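S.K.: For reference, the structure I am asking about is given below.
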Amino acid sequence: MSESINVVCPHCNAVNRVPQAKLGAGPKCGKCKSPVLTGVPLDLTAANFQQFVGRNGLPVVVDFWASWCGPCKMMAPVFSQVAHEMATQVRFAKVNTEQEQMIAAQYGIRSIPTLALFSNGNEISRQAGALDAASLKQWLQQSI
């Protein structure tokens, strides 16, 4: 029997226990029956940030961005692509710093885009500036 980890549903925020060996098998939420590993970055707000970042057994990378930021717009498709490719290894999320100023302030975000990697609710690594897909994957693999 494989070890299970917590995976927060991006649809209803329920915490699901999923055997690690079954992460690639498209696990569904026990509460809402939606897929829990969508491969799509989740937009985080004050309402779901702590639950998603703190309760996931997988590392969570958060892209702090703003709609007026050119490098943020340039990196968005790369972030989405890598989210799809690494869906069973890392959870991907985005925080709009214009709408969620309290979260940005709490984590001392001074430039955007800034990527913060969390494990068990604690920030373990940070990267400022836009990255291409290879650099993003390399940073994540070195950091987790």
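The values are calculated or read from the model by the stated rules, or taken from the named source; none is laboratory data. Keep in mind that this is a model prediction, so the values were computed, not measured. Note: ideal-geometry Cβ built from the backbone for every residue, glycine included; neighbour counts use all protein chains shown. Note: areas computed on protein heavy atoms with side chains; ligands, DNA, RNA excluded. Shrake-Rupley method; radii C 1.70, N 1.55, O 1.52, S 1.80 Å.
S.K.: Kindly provide the set of residues from region 45-86 that are polar (S, T, N, Q) and not in a loop (DSSP other than H, G, I, E, B), ordered by number. Spell out the reasoning first.
M.R.: Step one: of region 45-86, the residues polar (S, T, N, Q) are 45, 48, 50-51, 56, 67, 80-81.
If the condition is that a residue be polar (S, T, N, Q) and not in a loop (DSSP other than H, G, I, E, B), then Q50, Q51, S80, Q81 are the ones that fit.
S.K.: Something else: So, in region 22-44, exactly how many residues are in a helix (DSSP H, G or I) and surrounded by 13 or more Cβ atoms within 10 Å (Cβ to Cβ)?
M.R.: If we filter region 22-44 for residues that are in a helix (DSSP H, G or I), which is where we start, we get 22-25.
The next check asks that each one be surrounded by 13 or more Cβ atoms within 10 Å (Cβ to Cβ); those that pass are 23.
Number satisfying all stated conditions: 1.
S.K.: With the requirement that a residue be open to solvent by 50 Å² or more (accessible area, probe 1.4 Å), free of Cβ contacts under 8 Å to residues at least 40 places away in the same chain and part of a helix (DSSP H, G or I), what does region 87-144 give you?
M.R.: Q101, A105, Q106, A134, Q138, Q141, Q142
S.K.: Ok, one more. In this structure, is A87 out of contact with any strand residue (DSSP E or B) (no Cβ under 9 Å at 6 or more places or on another chain), within 26 Å of K22 (Cα to Cα) and hydrophobic (A, V, I, L, M, F, W, C)?
M.R.: Numbers: out of contact with any strand residue (DSSP E or B) (no Cβ under 9 Å at 6 or more places or on another chain): yes; within 26 Å of K22 (Cα to Cα): yes; hydrophobic (A, V, I, L, M, F, W, C): yes.
In short, yes.
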